[in-house]
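The values are calculated or read from the model by the stated rules, or taken from the named source; none is laboratory data. These numbers come from a predicted model, not from an experiment. Don't worry about glycine lacking a Cβ; one is built from the backbone with ideal geometry, like all the others, and counts go over all protein chains shown. The area values use the complete protein model at the heavy-atom level, side chains included, leaving out ligands, DNA and RNA. Shrake-Rupley method; radii C 1.70, N 1.55, O 1.52, S 1.80 Å.
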Amino acid sequence: MFELRQAVRSLVRRPAYAVASIGTLALVIGVNAALFAAINATLFRPIPLKSGERTVSIYLMPPGETDPANRNPLHAIDLVRFRERSRTLTHIAAFTTTERVLGAGDEPVVVTTAPVNAEMLRLSNEPPALGRIFTDEEETRKDRLIVLSYGAWQRRFGADPAVVGRSVRLDGEPYTVIGVMARRFPPKFLDAELWTPLGITTSAPPDQAVTNIVTVGQLADGVSFAQASTEIRDIFRDVSRELPRTHQGWSAGLLTFREWQYGNFRAPLAVLFCAVLVLLLIASCNIASLTLAHVTSRGGELSLRRAIGATRWSVARLVLLEIAVVNAIGAALAVLLGDQLLLALLAIAPATTQVLGEVTMDWRVALFAAGCAVLSSIAAGVVPALNASDVSTAFNTWRSSGSRERQRWRTALLIAQTALCVALLVSGGVLVRAYFRTSNLAVGYEPANLLTAQLQLPPSRYASGPERVAAMERIFDRIAAIPGVTHSGATMNRFTPGFAYLTLVEIEDQPTADGSGHTVQFRRVSASYFETMRIRVRRGRVFARFDSLSTPLAAVISQSFADQYWPGRDPIGRRLKRGTAWMTVVGVVDDVSDVDLLQAPVPTLYAAWTQTANVAFPMGLVLRTAGAPDALAQPLRAAVRAEDPMLALDRIQSMDAFLSASLAPQTFRTTLMLGLAIVGLLLGAIGIAGVTARTIVERMPEFGIRLALGCDGADLWRQVVLHQVRVVLGGTLLGVVLAGVASRLVTSMLPEAAGFDGRVVIAAAGLIVATAVVAAAVPASRVLRLSPLAILRHA
């Protein structure tokens, strides 16, 4: 305790050193804590379901596909078979999502609805806030019942406790509200405003090819994940033999809850986490250099302690205690600062980070911050403590020009700091190059002045294909009358990054090995869609008004589709089959990026809306405008309501907004990595300036003598600056080697990132050297103002 008080008093007597060290640590550990809070949300935070860590998700993989991005939900019949036959999974819960029109309030609104089985709602950790959930029997009968989310209850119904029992309109049909779920429900994967009965029974249609049932289950007691995975694959193989038309070539598998929800975040967060640890090491080197200078300035005091009987360990312990106090205060401030840094981190790309759910600075984050403080104390304290405990060094540095050993340590720390800065800058440059390369990709259409929106035609009001086609034609006529609209069309696309519709097709004379068909992307579009989007027609024609239910089915394919299945041949007139109907290729268009800029265009099949109007899917409207597209949002709503007051639009956004959302994951990691690199560069500049300033102080007697003997001050200035630049060049060369390793690591974890690039390395090295010149030149300029007599008088 006595030594601790001495350490605190020593810091109080040197406030500049204490404030600089604490401030640096608070910032760097705060950044570490904020990022770890996001990692904590994916790896360590308890799963918000009763099934906890035993929660798994069942998925299907289309024939011939291995990309995790193409995992599918289940067929309805698959859910039935898994519930009947599985012995390794219990509490198998399922849901699907859709947008429906809620007729509450002054005008109808589109709400995200999740038809679920009762098992899904029973996974909540808390009972309903009001009322109840539906029973298995009510779910099986698909009764017209609604369970509200807590948020929807507050937003849509003003938190009215009398909402239970109220009748509301959903797609124009009456439903009864029976309950309100707890505030903490649902988890992010089940994010919806209300839930209705799913209604899948043992009589589910076995030939239904739609895969839209998201399924989660709980591992039974004593069952391992591997055992459950094996059973699920075996059951699905049996179902495939039972139903070859819809299941041939497909496979099934299991994912842990964390892999299912957060698997896409693992690699980016791991890269960023490594970067903030490197930043912590840079800060530690910086503080070690600062502490070494602090120890040098206390040479007389430390020598006196040794002279009156203090041991080497006691002197070293005093220095370590001082650093520990600095780190403890820095870590405490870091947790407070981390809250604000976390808000800034999550605000970089809200659409991306919202998947993490509620991210907070909990006890795990505080423990991690403490661990960072301990690591920093060790990294920053060992060298200064060893130097402080050396009695000969202490005596020699008390009125001398400095110890060679101490100068060597200072040089080594500066080289290490520079090398780490170069590696961090190159890693940031790799991500920046990848970002600009992705953002400058040709998307295959003209995104400027495009407005998109989602429109759901409720099956209860538009039951047949001809009814839906006629309704859409009337809506297009109303949209065409809106001032500022030049073209309009529709497509089966939600314009949500990463969301795609896949389908299986049989291509004439090109059977697959197992007869399952080829997996391609699918779009159902209006005849005016290609002109509205300005997608170039490469060959043949696109759809026209005469392509109707009474004419042969036409197909338009993308250029990559033609290249993959008819390389070097004319695809016009070729036939393919989707489901049970043959289609004839009438045109080829450019590949487009309308799913995600991070995903390369894939073979795409377009079908005419007028020939394949399906009641199950909403349509995405696209409007080409003469001016700013966002200004037409309200006129578009009015035009749709004029056709049918019960219709409502959702996800109204410009195409530029969709493309920005597609870049959100890259924006998040690139912005953060660039910020870390800039902070690392600033710390490096501070370290170089500090070392230079300390070198000048220690060499003052030498400089005084040389100036008195006639040496030019400018020559001394150049010598000081060049010495520091040579040290930095040595660190830069080492940093290039580290950068090569770091680039390989980044590229292996983020395949879309650019690899080791000479231009990035040269730019990073040049920036470091330029920074070193400036950082050394400013404190070295003191040499030009030195008075030899004043130096020698005080030497």
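Which distance in Å, rounded to a whole number, links the C-alpha centroids of the stretch 561-599 and the stretch 146-201?
Computed from Cα coordinates, the inter-centre distance equals 42 Å.
Return the Cα extents of the stretch 485-562 along principal axes one, two and three, sorted largest first, each rounded to a whole Å.
48, 34, 25
Between the stretch 478-510 and the stretch 421-468, what is the C-alpha centre distance in whole Å?
Centre-to-centre distance over Cα atoms comes out at 13 Å.
Could you report the stretch 610-765's accessible area per residue, 1.4 Å probe, as an integer in Å²? Don't skip to the end; give the middle numbers.
On the way: 6400 Å² over 156 residues.
Heavy-atom SASA per residue in the stretch 610-765 reads 41 Å².
Kindly provide the Kirkwood hydrodynamic radius of the stretch 63-208 in Å, to one decimal, from all pairs of distinct alpha carbon atoms.
Values: mean 1/r = 0.0614 Å⁻¹.
Evaluated on the stretch 63-208, it is 16.3 Å.
Mind checking the per residue accessible area of the stretch 448-523 for me, 1.4 Å probe, whole number of Å²?
Working: 2920 Å² over 76 residues.
It amounts to 38 Å² per residue over the stretch 448-523.
Which whole-Hz ³J(HN,Hα) couplings does the stretch 426-443 yield from phi under the Karplus relation 6.51 cos²θ - 1.76 cosθ + 1.60, θ = phi - 60°, glycine and proline marked x?
5, 4, x, x, 4, 5, 5, 4, 4, 4, 5, 5, 5, 5, 9, 5, 6, 8
Take the Cα gyration tensor of the stretch 504-660, multiply each eigenvalue by 5, square-root it, and list the three semi-axes largest first, rounded to whole angstrom. Don't skip to the end; give the middle numbers.
Values: eigenvalues 186, 67, 44 Å².
Each semi-axis is √(5λ); the values are 31, 18, 15 Å.
Roughly what percent of Cα-Cα pairs across the stretch 434-579 reach past 19 Å?
Numbers: 6781 of 10585 pairs.
Percentage above 19 Å: 64.
If each DSSP helix of 4+ residues adds -39,500 (n - 2.57) and the sum is divided by the residues in the chain, what number results at 222 nm, nearest 500 deg cm²/dmol?
Details: 26 runs with 412 residues, N = 795.
My calculation for the chain gives -17000 deg cm²/dmol from helical runs alone.
Computed over the Cα atoms, what is the radius of gyration of the stretch 582-646 divided by 2.2 N^0.38 Å, N being its residue count? Don't skip to the end; give the middle numbers.
Numbers: Rg = 16.2 Å, N = 65, 2.2 N^0.38 = 10.7 Å.
Cα-based Rg divided by the globular estimate yields 1.50.
Quickly rank 460-466, 359-365 as a protection proxy: mean count of other C-beta atoms within 10 Å, highest first. Let's see the in-between values first.
Values: 460-466: 14.4, 359-365: 17.1.
Per-residue Cβ counts within 10 Å, averaged per peptide and sorted highest first, yield 359-365, 460-466.
Given H placed on each backbone N at 1.01 Å, which residues far from MET583 in sequence or on other chains put an amide H within less than 5 Å of it?
LEU576, LYS577, ARG578
Could you tell me the largest-minus-smallest coordinate of the C-alpha atoms of the stretch 251-294 on each of the three principal axes, in descending order and whole angstroms?
64, 13, 11
Accessible area per residue of the stretch 153-206 at 1.4 Å probe, in Å²? Walk me through the numbers before you get to the answer.
On the way: 2420 Å² over 54 residues.
The answer is 45 Å² per residue.
If you roll a 1.4 Å probe over the chain with all protein chains in place, what percent of the accessible area is carbon or sulfur? Each step should come with its number before you reach the end.
Values: 19820 of 33440 Å².
With neighbouring chains kept in place, the figure for the chain is 59 percent.
Rounded to the nearest 0.05, what FRET efficiency is calculated for VAL19 and PHE273 with R0 set to 35 Å and r the Cβ-Cβ distance? Walk me through the numbers on the way to the answer.
On the way: r = 28 Å, r/R0 = 0.81.
Once rounded, the FRET efficiency stands at 0.80.
What ranking do 716-724, 24-32 get when scored by the average of other Cβ atoms within 10 Å per residue, highest first?
Numbers: 716-724: 18.1, 24-32: 26.0.
The peptides rank, most packed first, as 24-32, 716-724.
Pop out the Kirkwood hydrodynamic radius of the stretch 34-143 from its pairwise C-alpha distances, inverse of mean 1/r, in Å to one decimal. Let's see the in-between values first.
Values: mean 1/r = 0.0578 Å⁻¹.
After inverting the pairwise mean of 1/r, the radius is 17.3 Å.
Could you grab the Rg to Rh ratio for the stretch 134-272? Cα atoms only, Kirkwood for Rh. Mind showing how you got there, number by number?
Working: Rg = 19.4 Å, Rh = 18.6 Å.
Radius of gyration over Kirkwood radius for the stretch 134-272 works out to 1.05.
Expressed as a fraction of 2.2 N^0.38 Å, the rule-of-thumb size for a compact globular protein of N residues, what is the C-alpha radius of gyration of the stretch 27-93?
Working: Rg = 17.9 Å, N = 67, 2.2 N^0.38 = 10.9 Å.
Normalised by 2.2 N^0.38 Å, the Cα Rg of the stretch 27-93 equals 1.64.
May I ask you to evaluate 6.51 cos²θ - 1.76 cosθ + 1.60, the Karplus curve with θ = phi - 60°, for each residue of the stretch 675-681 and list the ³J(HN,Hα) values in order in whole Hz, giving x for glycine and proline?
x, 5, 5, 5, 4, x, 5
For a quick protection proxy, order the peptides 78-84, 34-40 by their average other-Cβ count within 10 Å, most packed first.
Details: 78-84: 19.7, 34-40: 24.0.
By packing density, highest mean first, the sequence is 34-40, 78-84.
Stretch ARG5-ALA638 to full length: gain in nm at 0.36 nm per residue minus the Cα-Cα span? Display every interim value, and only then the final one.
Numbers: separation 633, 0.36 × 633 = 227.88 nm, distance 7.33 nm.
Contour length minus the Cα-Cα distance gives 220.5 nm.
Could I have the simple spin-label model distance between SER460 and VAL737, label points 7 Å from Cα toward Cβ, reported in nm to one decimal?
Those two pseudo-labels are separated by 7.2 nm.
If R0 is 41 Å, what FRET efficiency do you get for ALA626 and LYS577 from their C-beta distance, rounded to 0.05?
Values: r = 42 Å, r/R0 = 1.02.
With a Förster radius of 41 Å, E is 0.50.
Each label point is 7 Å from the Cα along the Cα-to-Cβ direction; what then is the distance between the points at ALA448 and ILE348, in nm?
Going from the ALA448 label point to the ILE348 one covers 3.0 nm.
Let me have the relative contact order for the chain, percent, based on Cα pairs under 8 Å that are six or more residues apart. Walk me through the numbers before you get to the answer.
Details: 1440 pairs, mean separation 132.1, N = 795.
Result for the chain is 17 percent.
Which far-off residues, 5 or more places away or on another chain, put their amide H under 5 Å from the one on LEU194, with H placed in the peptide plane?
For LEU194, the qualifying residues are ALA114, SER149.
Give me the number: length gained by fully extending ALA182 to ASP221, i.e. 0.36 nm times residue separation minus the C-alpha to C-alpha distance, one decimal in nm.
Numbers: separation 39, 0.36 × 39 = 14.04 nm, distance 2.73 nm.
Length difference between fully extended and current span is 11.3 nm.
Please compute the net charge surrounding ILE92, taking Lys and Arg as +1 and Asp and Glu as -1 over other residues with Cβ under 11 Å from its Cβ.
Working: positive: ARG81, ARG83, ARG85; negative: ASP78, GLU84, GLU119.
Here the charged neighbours net out to 0.
Taking all pairs of distinct Cα atoms, average 1/r, flip it, and tell me the Kirkwood hydrodynamic radius of the stretch 650-692 in Å to one decimal place. Intermediate results must be reported in sequence, preceding the final value.
Values: mean 1/r = 0.0773 Å⁻¹.
Result for the stretch 650-692, one decimal place: 12.9 Å.
Can you work out ³J(HN,Hα) from phi for every residue in the stretch 239-248, in order, using Karplus 6.51 cos²θ - 1.76 cosθ + 1.60 and θ = phi - 60°, giving whole Hz and x for Gly and Pro?
The phi angles translate into 5, 5, 5, 6, 10, x, 4, 9, 10, 4 Hz.
For the stretch 436-516, take the convex hull of the Cα atoms, compute a quarter of its surface area, and give me that in nm², please.
Numbers: hull surface 39.5 nm².
Computing the convex hull of the Cα atoms and averaging its projections yields 9.9 nm².
Within 14 Å, Cβ to Cβ, of VAL736, how many net charges do the neighbouring residues add up to if Lys/Arg are +1 and Asp/Glu are -1? Write down the numbers at each step before the final one.
Values: positive: ARG744, ARG759; negative: ASP757.
Cβ neighbours under 14 Å give a net charge of +1.
Here are several values of mean projected area of the Cα convex hull in nm²: (i) 49.7; (ii) 42.2; (iii) 35.4. Which one was derived from the coordinates shown?
(ii)
Given q = 0.20, 0.25 Å⁻¹, what are the Debye log10 I(q)/I(0) values for the stretch 470-511, with equal point scatterers placed on the Cα positions and solvent ignored?
Each listed q maps to, in turn, -0.79, -0.90.
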